[in-house]
1. Could you please find all residues in segment 12-54 being farther than 17 Å from Val301 by Cβ, surrounded by 24 or more Cβ atoms within 10 Å (Cβ to Cβ) and either free of Cβ contacts under 8 Å to residues at least 40 places away in the same chain or of a type in the set (D, E, K, R) (or both)?
2. Of all residues in segment 70-94, which are within 22 Å of Glu297 (Cβ to Cβ) and within 11 Å of the chain's Cα centre (by Cα)?
3. Can you spot a residue in segment 210-219 that is within 17 Å of Val126 (Cα to Cα), modelled with pLDDT of 95 or more and among the hydrophobic types (A, V, I, L, M, F, W, C)?
4. Would you mind listing the strands (runs of 3 or more DSSP E) fully within segment 275-336 where at least 1 residues are surrounded by fewer than 19 Cβ atoms within 10 Å (Cβ to Cβ), in the same structural domain as Gly44 (by TED's automatic domain parsing) and not basic (Lys, Arg)?
5. Of all residues in segment 1-11 being more than 10 Å from Thr86 (Cβ to Cβ) and in contact with a Gly (Cβ under 8 Å, 6 or more places away or on another chain), which is surrounded by the fewest Cβ atoms within 10 Å (Cβ to Cβ)?
6. Thr39 - would you say it is polar (S, T, N, Q), modelled with pLDDT under 95 and within 19 Å of the chain's Cα centre (by Cα)?
7. Got a number for residues in segment 165-195 being farther than 12 Å from Ala209 by Cα, among the aliphatic types (A, V, I, L, M) and assigned to a helix (DSSP H, G or I)?
8. Condition first: touching a strand residue (DSSP E or B) at 6+ places or on another chain (Cβ under 9 Å) and loosely packed, with under 14 Cβ neighbours inside 10 Å. Now tell me which residues in segment 152-173 satisfy that.
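The values are calculated or read from the model by the stated rules, or taken from the named source; none is laboratory data. What you see is a predicted model, and the numbers here were worked out from it, not measured in a lab. Heads up, the Cβs are rebuilt from the backbone with ideal geometry, glycines too, and the neighbour counts pull from every protein chain shown.
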Amino acid sequence: MAQLRKVHGSENRFFLLDQTTLDQPLNDGELSALAQQVTNPKTGILDGADGVLVVNSSSHDNVLAQMRVINADGSEASMCGNGLRTVSRYLAEKNHTNQFKVETMTADLQVSRQNDLAPEVPAFSVEISPVRFKPADFPFTNLGNDALIDQPVPAFVPGLNFTAIAVPNPHLISFVDEETMNGEALGELGSRLNGVNDYFPDGVNVSFAQILGKNQLFVRTYERGVGFTNACGTGMSATSLAFAMTHPNLGQFDRTITVYNPGGMVKTQVHQSDNRYWIDLIGNATQTHLIDVDEAELHGVNVTSETASIQQTEEEAAYLKFVDQLPKVSTIAVKK
């Protein structure tokens, strides 16, 4: 038997698959098909998810394991901050260690266990890097040849300024008021820039952020390959950096920034040294279900309530209790 885990960071939900425990790892085609099947609330289990986190062995020196991120549409993301926290917890418990590196598509990232956010709400800190601004790193076109930092782009949404940051996932960020945050513009822009468009040929994650006060934000993201998510770890990280760069009187480098999202809250710290930027993302790593399934069903892309045995943990209740104690900063509902 194989085992999947249902996990989440700020209600950004995933199935976690450790391929090192399988007799035969899934190939790329099988992973893509499995992600599309199991994350779909109609064809999968447990109301679906935003993607599948895949743990593999790593050949890199001083690295504990490799993480791959397969989106709900079967595409692969270069990184996922919320997902990395949950993978880090899994690896920490499996290997009895609290500080190590994890290989991702573009970098080996430092992770570490943190103090629990609340009883039964374990937390991890993960490094978000590398940070890039050049158009070729997204890529983006028809927006000039320089970095896009706090600039108006009327073709996107008139009256809003935008910043483009790759961490390394590509992100387009705008700071907006409450009315805009709760309106239709984010969904319309996210959908448009992740279809055939003249600006981001590979698509882009789009985040709107509302400044709540000094070192405080609310962030909502339309995620490439997924759509609206309860939270996007790299999105909140990139937005925190944009906050410190474009609103230095409110967002500070090397200080803790509290970032609320539709699924809860995380903490970030943004850093700069010798023209290098990086972000520490700190938040929950919650495990809600253990799912036992025959390995043949994974290869056959057939993980359903009929083929799997599912055991629920008590951690979601603890997480929701934690969220209930947070300030109510948005009327946007959590996606169940």
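1. Result: Arg13, Asp50.
2. Matches in segment 70-94: Asn71 only.
3. Checking segment 210-219: not a single residue is within 17 Å of Val126 (Cα to Cα), modelled with pLDDT of 95 or more and among the hydrophobic types (A, V, I, L, M, F, W, C).
4. Answer list for segment 275-336: 286-293, 308-312.
5. Per the stated criteria, the residue is Glu11.
6. no
7. So the count comes out to 3.
8. Pro152, Pro158, Gly159
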